[in-house]
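Below: the structure, in structure tokens.
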Amino acid sequence: MKNNYKPIPFWSWNEELKEEKLVKQIDWMHDAGIGGFFMHARGGLKTEYLSEDWFKAVNACAEHASKLGMDAYAYDENGWPSGFGGGALLNDKNNLALYLTFSYGKYDENALVSYDYSGNTLISVNKGLNCLNVYLNSDSGMTDILNKDVVKKFIDYSYENYKKHDKKHNIKGFFTDEPQYASEKYPYSPKLVKCFFETYNEDILDKLGLLFIKKEGYREFRYRYWKLVNDLFVSSYGKQIYDWCDKNGYKFTGHYAEETVLWLQMGCCAGIMPLYKYMHIPGCDFLGRVIEKNGKAPRQVASVAAQYDKDQVLTEM
């Protein structure tokens, strides 16, 4: 049976890595009919992540898998969601994910922008009592994956590091896990500001408050905002990593967040299906705790796979 139709489990690496022990576990998996594995750093790991000892273990396992006709994949992160480089990228505040919050009241000089909301339209102000104040915040645990420059740093830290050590090219590909902007918040990025002006010839700050209040033009603004958020997510993260993998001979797979509920996608990626185009093996999360009547997640991934002639899909389950 081809490995396309065999289970390929997450293989949790959660202790000190010893090559002899790892190879023995691969033999057990092979004897049980397993098609391959994802080498997955997990809590309890004692071998330093992405150290020379880490890559010695990775290479030993990938080479042994190749001899047995199994597929060895790397998990692209130490934890999840993917994109923070095991914490390394979080040390630079310029890499952090940004998000918006708001309040009503008197003008606040600490706000990113303030509006008088007493009329039918929002008017930017720098004083007053009836103000909608919009604040810019950073998330210390996540990176700005709407920013292609930040994602490039993640590629360099993780993917390029694997490529450098994978001299015999025994690694089949990479699993990315639930990359997302600041979860269930209103995302913001310097790239979003630039893209909004280039696309609509408008300063996003003139209307940003329409995310939080229903005034004239709010429907059009919200559509433009979320559409650009999704476009940036797709181009900076999905397409950039897909193109890197395609160029270097690796398969890009994994899954994004909250596929099962359409409105929850707005809080993670602003739309799952456009991202599947840029995966060699599109995937979804379907853990089977609840069997849905309509099964949105598998329907979505199968639909895109059919449209773009993908020959297989993956399900984390």
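The values are calculated or read from the model by the stated rules, or taken from the named source; none is laboratory data. These numbers come from a predicted model, not from an experiment. Every residue, glycine as well, gets a Cβ built from its backbone with ideal geometry; the counts of neighbours run over all protein chains shown. The protein model used for the area step is the full one, side chains on, heavy atoms only, and it has no ligands, DNA or RNA in it. Shrake-Rupley method; radii C 1.70, N 1.55, O 1.52, S 1.80 Å.
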So for Glu16, Glu48, Glu63, what's the accessible-area order with a 1.4 Å probe, most first? Glu48, Glu16, Glu63
Could you sort Tyr308, Tyr276 by their accessible area in this structure, using a 1.4 Å probe and putting the largest first? Tyr308, Tyr276
Kindly rank 67-74, 49-56, 230-237 from highest to lowest mean number of other beta carbons found within 10 Å of each residue. 230-237, 67-74, 49-56
Length-normalised contact order of the range 192-255, Cα under 8 Å, at least 6 apart, in percent, tallies to 23
Lysine pairs, Cα distance under 24 Å, 8 or more residues apart or cross-chain: how many in the range 1-151? 18
Quick one: dipole size for the chain, taken about the Cα centre, charges +1 on Lys/Arg Cβ and -1 on Asp/Glu Cβ, in debye to the nearest 20. 560
So, how do all the Cα-to-Cα distances of the range 3-120 break down into 10 Å bins, in percent, from 0 on up? 12, 32, 21, 11, 10, 10, 5, 0
Charge dipole of the chain built from unit charges on the beta carbon (Lys, Arg +1; Asp, Glu -1), centred at mean Cα; most positive-end Cα among Ile204, Gly33, Asn120 is Asn120
Given 218-226, 167-175, 254-262, the highest-first ranking by average Cβ count within 10 Å works out to 254-262, 167-175, 218-226
Semi-axis lengths, Å, the chain, gyration tensor of Cα atoms, sqrt of 5 times eigenvalues: 42, 21, 16
Just need the relative contact order of the chain here, percent rounded to a whole number, with Cα pairs under 8 Å and 6+ apart. 14
Ordering His165, His40 by how much accessible area each has at a 1.4 Å probe, largest first, what is the list? His165, His40
Accessible area per residue of the range 187-250 at 1.4 Å probe, in Å²? 48
May I have the extent of the alpha carbons of the range 202-317 along their three principal axes, as whole Å values ordered from largest to smallest? 46, 39, 21
Where Cα atoms sit under 19 Å apart: lysine pairs in the range 197-317 separated by 8 or more or lying on different chains: 16
For Glu52 and Glu16 in the same chain, what is the full-extension length gain: residue separation times 0.36 nm, less their Cα-Cα distance, in nm? 11.6 nm
